[in-house]
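Everything on this sheet refers to the single structure shown next.
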Amino acid sequence: MKQYVGFIRDHSLSMGHLTTPAKDDYNKLITSFQSAAKNSSIETVASVVKCGVMGHRYGKGTIERDAVHTNIRHLQPLNFYSAEGHSTPLFDSVGELINIFKEVPDYHTPGVSFLVMAVTDGEDNDSPGWKYMIANEIKHLQGTDKWTFVFRVPRGYSAQLQRLGIPAGNIHEWEQTEKGLRESTQFTEQAVSDFYDGRKLGLMSTSTFYSNLKADVAEVRKTLHPIGKEASVYPNTIREGASIKEVSVHYTGNYVKGTVFYELKKREPRVQDYKLICLREKNTRNIYGGQEARDLLGLPHNGTIAVAPGDHKDYEIFIQSTAYNRKIPMNGQVLVWMNARNMKGKRTR
């Protein structure tokens, strides 16, 4: 396995009151990656882009490559952090890292994945190169199950990024104070460790960099709508690899496209945004469904994403199937929810 990591540092003028904690944040982030890479024995190569540095473009901020394809062991800490640019070309900075990564010779090699991380105290306001194509590019790259995009932004800015297709679980909002940034640093250090734990298990990307899908029962009951009276779960006892249609017909006598869900037993690299997700508590066997399931799990409502069973704590996850011939493993489970065909694009409340 090999991990490419790209860091985006915000050097715009608004970061002026946070230069010391910003310097400490970057240095601790580098140390976290160095430690995680060493402990997991995963080769890690880093590139760094400075966003919003003072440029000659009518005084606006520009972007600079600070490091390209440097082994994480050799990435040096900062002694000084400047903040002087008059704009924040955040999306152009993301695009710059995308271009850097696409140039690597082992881009298509199995086991190679890419992580882009940005920390900013504002939002994009000056990206003439990538403003109108960043959303489609991010959605496309995330759909390959090799790319992860992570952002730390001010409170209230998460919704804008989610509209680009960034999973809610990959966004961390922080207060624009020294205390807020230091707390964000600690949170991110743990998230880096968790990310590499997942990589050791073979995960190539994540949609839950920060959340890890560790929701509790109270959160489920508060957020989701119970559908236990409308849905039932059945095990495949027919034979190994029986189709999802066969299992449904065996138990219910019927099969209706879009009303049968398969249990998430292995990593699914491509779960489309139009597919519903249902949860069943392992302890109570209560079943919950609807669009809110994506919110609870930190999954975006737009774009194709990857989902892994190891991300989930107390729940069995069922994903809507639109293929009648999907193969179900022996004793694998299917969930039949007839009202699912009426739920497209709707919330249950």
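Of (1) of a type in the set (Gly, Ala, Ser); (2) crowded, with 17+ Cβ neighbours inside 10 Å; (3) not in a loop (DSSP other than H, G, I, E, B), Ala159 satisfies all except one. Which?
(2)
Given the conditions (1) over 20 Å from Lys28 (Cβ atoms); (2) part of a loop (DSSP other than H, G, I, E, B); (3) over 15 Å from the mean Cα position of the chain (by Cα), report the number of the one that Asn136 does not fulfil.
Result: Asn136 passes all but (2).
Run down Asn99, Asn71, Asn79 and say which single residue is surrounded by fewer than 16 Cβ atoms within 10 Å (Cβ to Cβ) and either outside the structural domain of Glu178 (by TED's automatic domain parsing) or under 23 Å from Lys139 (Cα atoms) (or both). Reasoning before the result, please.
On the way: Asn71 fails: either outside the structural domain of Glu178 (by TED's automatic domain parsing) or under 23 Å from Lys139 (Cα atoms) (or both); Asn79 fails: either outside the structural domain of Glu178 (by TED's automatic domain parsing) or under 23 Å from Lys139 (Cα atoms) (or both).
Criteria check complete, one pass: Asn99.
Being in contact with a helix residue (DSSP H, G or I) (Cβ under 9 Å, 6 or more places away or on another chain) and on the phi > 0 side of the Ramachandran plot is true for just one of Gly122, Gly156, Gly165. Which residue is that? Even if it seems obvious, please write down each step before you answer.
On the way: Gly122 fails: on the phi > 0 side of the Ramachandran plot; Gly156 fails: in contact with a helix residue (DSSP H, G or I) (Cβ under 9 Å, 6 or more places away or on another chain).
Of the residues listed, the single one that is in contact with a helix residue (DSSP H, G or I) (Cβ under 9 Å, 6 or more places away or on another chain) and on the phi > 0 side of the Ramachandran plot is Gly165.
Could you count how many residues in segment 242-270 are assigned to a strand (DSSP E or B), out of contact with any Cys (no Cβ under 6 Å at 6 or more places or on another chain) and among the hydrophobic types (A, V, I, L, M, F, W, C)? Full working, then the answer.
Looking only at segment 242-270, we keep the residues that are assigned to a strand (DSSP E or B), and these are 242-243, 260-263, 268-270.
If we keep only those that are out of contact with any Cys (no Cβ under 6 Å at 6 or more places or on another chain) as well, we get 242-243, 260, 262-263, 268-270.
Filter once more, keeping what is among the hydrophobic types (A, V, I, L, M, F, W, C): 242, 260.
Adding up the residues that qualify gives 2.
Would you pick out the residues in segment 202-231 that are modelled with pLDDT of 80 or more and part of a loop (DSSP other than H, G, I, E, B)? Can you show your working first?
We begin by selecting, within segment 202-231, every residue modelled with pLDDT of 80 or more; these are 203-210, 226-231.
Across segment 202-231, the qualifying residues are Leu203, Met204, Ser205, Thr206, Ser207, Thr208, Phe209, Tyr210, Ile227, Gly228, Lys229, Glu230.
Got at least one residue in segment 271-283 being of a type in the set (Val, Ile, Thr), in a strand (DSSP E or B), buried (at least 16 other Cβ atoms within 10 Å of the Cβ) and modelled with pLDDT of 75 or more?
If we filter segment 271-283 for residues that are of a type in the set (Val, Ile, Thr), which is where we start, we get 271, 277.
Within this subset, residues satisfying the condition of being in a strand (DSSP E or B) are 271, 277.
Those left that are additionally buried (at least 16 other Cβ atoms within 10 Å of the Cβ): 271, 277.
Checking the rest, the ones that are also modelled with pLDDT of 75 or more come to 271, 277.
Scanning segment 271-283, I find at least one residue that is of a type in the set (Val, Ile, Thr), in a strand (DSSP E or B), buried (at least 16 other Cβ atoms within 10 Å of the Cβ) and modelled with pLDDT of 75 or more, so the answer is yes.
Name, by its number, the condition in (1) crowded, with 18+ Cβ neighbours inside 10 Å; (2) touching a Leu at 6+ places or on another chain (Cβ under 6 Å) that does not hold for Lys50.
(2)
Listed here are the residues, each with its yes/no results for (1) of a type in the set (Asp, Glu); (2) touching a residue at least 60 places away in the same chain (Cβ under 8 Å); (3) assigned to a helix (DSSP H, G or I); (4) under 13 Å from Val119 (Cα atoms).
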position: His140; (1), (2), (3), (4): no, no, yes, no
position: Val153; (1), (2), (3), (4): no, no, no, yes
position: Gly165; (1), (2), (3), (4): no, yes, no, no
position: Gln190; (1), (2), (3), (4): no, no, yes, no
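Just to be sure before I move on: is Phe149 of a type in the set (Phe, Trp, Tyr), in contact with a strand residue (DSSP E or B) (Cβ under 9 Å, 6 or more places away or on another chain) and surrounded by fewer than 16 Cβ atoms within 10 Å (Cβ to Cβ) in the structure I sent? Steps first, answer last, please.
Working: of a type in the set (Phe, Trp, Tyr): yes; in contact with a strand residue (DSSP E or B) (Cβ under 9 Å, 6 or more places away or on another chain): yes; surrounded by fewer than 16 Cβ atoms within 10 Å (Cβ to Cβ): no.
No, not satisfied.
Among the strands (runs of 3 or more DSSP E) confined wholly to segment 28-130, which include 1 or more residues that are under 24 Å from the mean Cα position of the chain (by Cα) and among the charged types (D, E, K, R)? Break it down into steps so the answer makes sense when it comes.
Details: elements: 43-54, 61-71, 112-119.
Of the strands (runs of 3 or more DSSP E) lying wholly inside segment 28-130, those with at least 1 residues that are under 24 Å from the mean Cα position of the chain (by Cα) and among the charged types (D, E, K, R) span 43-54.
Do we find that Asp145 is assigned to a loop (DSSP other than H, G, I, E, B), within 20 Å of Gly6 (Cα to Cα), of a type in the set (D, E, K, R) and assigned by TED's automatic domain parsing to the domain that holds Ile63 in this structure? Step through it out loud before you land on a result.
Values: assigned to a loop (DSSP other than H, G, I, E, B): yes; within 20 Å of Gly6 (Cα to Cα): yes; of a type in the set (D, E, K, R): yes; assigned by TED's automatic domain parsing to the domain that holds Ile63: yes.
Yes, satisfied.
Is there a residue being surrounded by fewer than 17 Cβ atoms within 10 Å (Cβ to Cβ), in contact with a Ser or Thr (Cβ under 6 Å, 6 or more places away or on another chain) and closer than 28 Å to Ser35 by Cβ anywhere in segment 166-183?
Yes; the residues of segment 166-183 include at least one that is surrounded by fewer than 17 Cβ atoms within 10 Å (Cβ to Cβ), in contact with a Ser or Thr (Cβ under 6 Å, 6 or more places away or on another chain) and closer than 28 Å to Ser35 by Cβ.
What's the number of the condition Leu18 fails, among (1) closer than 19 Å to Met204 by Cα; (2) in a helix (DSSP H, G or I)?
All conditions pass for Leu18, except number (1).
Say whether the condition of being among the hydroxyl-bearing types (Ser, Thr, Tyr) and in contact with a Ser or Thr (Cβ under 8 Å, 6 or more places away or on another chain) is met by at least one residue in segment 105-112. Steps first, answer last, please.
First pass over segment 105-112, keeping only residues among the hydroxyl-bearing types (Ser, Thr, Tyr): 107, 109.
Add one more test, that the residue is in contact with a Ser or Thr (Cβ under 8 Å, 6 or more places away or on another chain), and what stays is none.
No, because not a single residue in segment 105-112 is among the hydroxyl-bearing types (Ser, Thr, Tyr) and in contact with a Ser or Thr (Cβ under 8 Å, 6 or more places away or on another chain).
The values are calculated or read from the model by the stated rules, or taken from the named source; none is laboratory data. All values reported here derive from a predicted model rather than from experimental measurement. With ideal geometry, Cβ positions are generated from the backbone for all residues, glycine too; neighbour counts draw on all protein chains shown.
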